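Participant: Below you'll find the structure I mean.
The values are calculated or read from the model by the stated rules, or taken from the named source; none is laboratory data. Predicted model, so just to flag it, every value in this text is computed and none were measured. When we count neighbours, we look across all protein chains shown, and the Cβ atoms used for this are built from the backbone with ideal geometry, even at glycine. Side chains are part of the model used for accessible areas, which takes the heavy atoms of the whole protein and leaves out ligands, DNA and RNA. Shrake-Rupley method; radii C 1.70, N 1.55, O 1.52, S 1.80 Å.
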Amino acid sequence: MRRMFRWLIGLLLLAAVAAGVVYVVAGRGAPPQIVITKPDRAIGQSGSLEVSVEAPNARVTALAIALEQNGKSTPLFSLDNAGPATVTQTDRNHLQISRAIGKQTIPELQSGAARIVVTATRPSLLNLRKLSSAASRDIRVRLEPPRIAVVSTHHYVNHGGSEIVVYRATPPDVASGVRVGDVEYPGFPLNDPSLKAAFFALLWDQDLHTPVQAFARDEAGNEAKATFVDNVFEKPFKASRIELDDRFLNRVVPEILEHSPELKMAAPPQGGDMLPAFLKINGDLRRINAEQIAAFAAKTSPTRLWQGPFVQLGNSKVEAHFADHRTYFYGGKEVDRQVHLGFDLAVTTRIAVVAANAGTVLNASWLGIFGNCVVIDHGMGVQSLYGHLSSFDVKVGDRVERGQTIGRSGMTGLAGGDHLHFTMLVGGRMVTPVEWWDPHWITDRVERKLKEAE
Ligand SMILES: [Zn+2]
């Protein structure tokens, strides 16, 4: 009898240990993984919540999202009551929850600090235990919209040209600038941090009626806008005809292809058909180069580095204008159409090319169709470009003065003869240099506005 009792105790102990092991093993499964994608830092009149919850090899059985502010908790979502949220189940174990969480949808929201809290639960192996996890994010609620007031006067915009506006944006930490259609140009602070100036452009391929607005936008997405342009002027663009011949194609195509591995194209053999490669260079490479040039805008100095009108290559003959609409012919047949976004200026071969104004060299190397190319940053998003050079006299990072020699003209890249291809850039986009060469425009349109704001 006693032996049997002992045996029973032993069995019970064994069972208890086994149950304990199962319980521990079951608890070692991973709890749900919670990722709060939005809001990032702040919400305002509007805002969005995006949470993803993933439970590998299990189902999420409980999920609750709440917003905590000033000791109160506002439920935003639960599995039993989804409310206005959208739930997307990408697979059995993966839920994505999204909903609006601005003041418009949560009227009790107050300006100030708040916290998003998410808890999620899944059952363990054999449903023995519950595995839970929690995540939270501290955010800011900004309900007061930013303000913007235009300070400068007389704003006229030429199609394909540039303009500047001076404005006050508050509070000083808001992102601000000018939006032309879907293109944004950032503003840069003047002496007073809430006073800013933004250069912008109405691009040659934007409609004359494209809306132009100064804007101030805070981290919560609240935005203030102001219109200020007095008038927009049409500038008819010229049409020109380019005759391609084998001599030209044989000279430029192999050299450009050699410098452009991104086109993934080998040069045709000597005497082969160069036209398909030329068309790829004239189209695809031109587009790639425009994107490379646009990326220089991010490297601009926040302060103005230049003074006075920009200088044009002395005594030069204008061979092509900004935004000439070119039609290309080969063997008497039309083969391509492109828009020429710069001025072609010719003097004599290997003439000294000078910096149009003071600034910092951002590029002094081969740049696709522009061959050997210098780009100078003049600050506040204004830059100048010099193409087809035969040699360089500057390197990246050099500070240059207005009129300083930066290289010699040439015919590298897509150039029919020795000339300088020159263009101005605003926010990385090509704009006509005619205005920047004009002392009256510089004084009246740019320097007057900056002076009046002082
Ligand atoms: Zn050109």
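Participant: Hey, what did region 90-163 get for relative contact order, percent, Cα under 8 Å, at least 6 apart?
Facilitator: Relative contact order here is 25 percent.
Participant: Quick one: if the Förster radius is 45 Å, what FRET efficiency do S133 and I288 give, using the C-beta to C-beta distance and rounding to 0.05? Show your work: numbers first, answer last.
Facilitator: Details: r = 46 Å, r/R0 = 1.01.
Computed FRET efficiency for S133 and I288 comes out at 0.50.
Participant: Would you mind putting 252-262, 153-163, 75-85 in packing order, based on average other-beta-carbon counts within 10 Å, highest first? Spell out each step's value before the answer.
Facilitator: Numbers: 252-262: 17.4, 153-163: 20.2, 75-85: 14.3.
Descending mean neighbour count gives 153-163, 252-262, 75-85.
Participant: Follow-up question, since we're still on this one. For region 193-229 and region 357-408, what is the centre-to-centre distance using only Cα atoms, to the nearest Å?
Facilitator: The two parts, judged by their Cα centres, are 29 Å apart.
Participant: With point charges of +1 on the Cβ of Lys and Arg and -1 on the Cβ of Asp and Glu, referenced to the Cα centre of the chain, which listed residue (A135, G417, V252) lies farthest in the positive direction of the dipole?
Facilitator: It is A135.
Participant: Would you work out which of L190, G177, W204 lies farthest towards the positive end of the dipole of region 167-235, given +1 charges on the beta-carbon of Lys and Arg and -1 on that of Asp and Glu, about the Cα centre?
Facilitator: Result: L190, furthest along the dipole toward the positive end.
Participant: Take the residue pairs K225/K299; K299/K451; K238/K451; K264/K333; K103/K299 and return only those whose Cα atoms are more than 30 Å apart. Don't skip to the answer; put the middle values down first.
Facilitator: On the way: K225/K299 26 Å; K299/K451 25 Å; K238/K451 36 Å; K264/K333 27 Å; K103/K299 37 Å.
Exceeds cut-off: K238/K451; K103/K299.
Participant: With θ taken as phi - 60° and the coefficients 6.51, -1.76 and 1.60, list the Karplus ³J(HN,Hα) couplings across region 380-395 in order, rounded to whole Hz; mark glycine and proline as x.
Facilitator: The phi angles translate into 6, x, 9, 9, 10, 10, 10, x, 6, 5, 8, 8, 10, 10, 9, 10 Hz.
Participant: Once you order the gyration tensor axes a ≥ b ≥ c over the Cα atoms, which shape class does region 220-284 get: rounded for a/c under 1.5, otherwise prolate or oblate by comparing a/b with b/c? Walk me through the numbers before you get to the answer.
Facilitator: On the way: a/c = 5.82, a/b = 2.03, b/c = 2.87.
In terms of gyration-tensor shape, oblate.
Participant: On to the next question. Using a 1.4 Å probe on the protein heavy atoms, what percent of the accessible area of region 375-443 belongs to carbon and sulfur?
Facilitator: Numbers: 1120 of 2180 Å².
For region 375-443, the apolar C and S fraction of the accessible surface comes to 51 percent.
Participant: How much of the accessible area of region 227-367, in percent, comes from carbon and sulfur atoms when a 1.4 Å probe is used? Don't skip to the answer; put the middle values down first.
Facilitator: On the way: 3860 of 7490 Å².
After summing per-atom areas, the C and S share lands at 52 percent.
Participant: Continuing with the same structure: Which one of T74, P123, I288 has its Cα pushed farthest toward the positive end of the charge dipole of the chain, where Lys and Arg give +1 and Asp and Glu give -1 at the Cβ?
Facilitator: Farthest towards the positive pole: P123.
Participant: So, for region 239-360, what is the accessible surface per residue at a probe of 1.4 Å, expressed in square angstrom? Don't skip to the end; give the middle numbers.
Facilitator: Numbers: 6320 Å² over 122 residues.
That works out to 52 Å² per residue.
Participant: What is the set of long-range amide H partners of F228 at a cut-off below 5 Å, with H atoms built 1.01 Å from backbone N?
Facilitator: Amide H neighbours of F228: A214.
Participant: Would you mind putting 414-421, 354-361, 65-72 in packing order, based on average other-beta-carbon counts within 10 Å, highest first? Don't skip to the end; give the middle numbers.
Facilitator: Working: 414-421: 21.1, 354-361: 22.6, 65-72: 15.2.
Going by the mean number of other Cβ atoms within 10 Å, highest first, we get 354-361, 414-421, 65-72.
Participant: Can you give the angle from 0 to 90° between the axis of helix 2-27 and the longest principal axis of the chain, with both taken from C-alpha atoms, to the nearest 10?
Facilitator: With rounding to tens, the tilt is 20 degrees.
Participant: Is the shape of the chain best called rounded, prolate or oblate, per the rule: a/c under 1.5 gives rounded, else a/b larger than b/c gives prolate, else oblate, with a ≥ b ≥ c the square roots of the Cα gyration tensor eigenvalues?
Facilitator: Working: a/c = 3.18, a/b = 1.88, b/c = 1.69.
Verdict is prolate for the chain.
Participant: OK, next. Round to a whole angstrom and tell me the spacing of the C-alpha centers of region 429-451 and region 250-327.
Facilitator: 25
Participant: I want to check the label-to-label distance for H94 and R115. Put each point 7 Å from Cα in the C-beta direction and report it in nm to one decimal.
Facilitator: 3.0
Participant: While we're looking at this one, here's another question. List the residues, sorted by chain then number, that are 5 or more residues from T37 or on another chain and whose placed amide H is less than 5 Å from its amide H.
Facilitator: Close amide H contacts, sequence-distant or interchain: E50, V51, S52.
Participant: Relative to the present Cα-Cα distance, how much length would full extension add between V311 and K451 at 0.36 nm per residue of separation?
Facilitator: Working: separation 140, 0.36 × 140 = 50.40 nm, distance 2.20 nm.
My answer for the length gained is 48.2 nm.
Participant: Give the peptides 313-319, 121-127, 363-369 in descending order of average Cβ contacts within 10 Å, highest first. Each step should come with its number before you reach the end.
Facilitator: On the way: 313-319: 13.9, 121-127: 16.7, 363-369: 19.9.
Packing proxy ranking, top to bottom: 363-369, 121-127, 313-319.
Participant: Here's another thing I want to ask about it. Of all the accessible heavy-atom surface of region 153-200, with the other protein chains kept in place and a 1.4 Å probe, what percent is carbon and sulfur? Before the final figure, lay out each step's value.
Facilitator: Values: 930 of 1610 Å².
That share works out to 58 percent.
Participant: Ordering E50, E454 by accessible area with a probe of 1.4 Å, largest first, what comes out?
Facilitator: Values: E50 70, E454 160 Å².
The most accessible residue leads, giving E454, E50.
Participant: I would also like to ask the following. Ordering K225, K235 by accessible area with a probe of 1.4 Å, largest first, what comes out?
Facilitator: Details: K225 120, K235 95 Å².
Descending accessible area places them as K225, K235.
Participant: What residues qualify as long-range amide H neighbours of Q404, i.e. H under 5 Å apart, gap of 5 or more or another chain, H built at 1.01 Å from N?
Facilitator: A355
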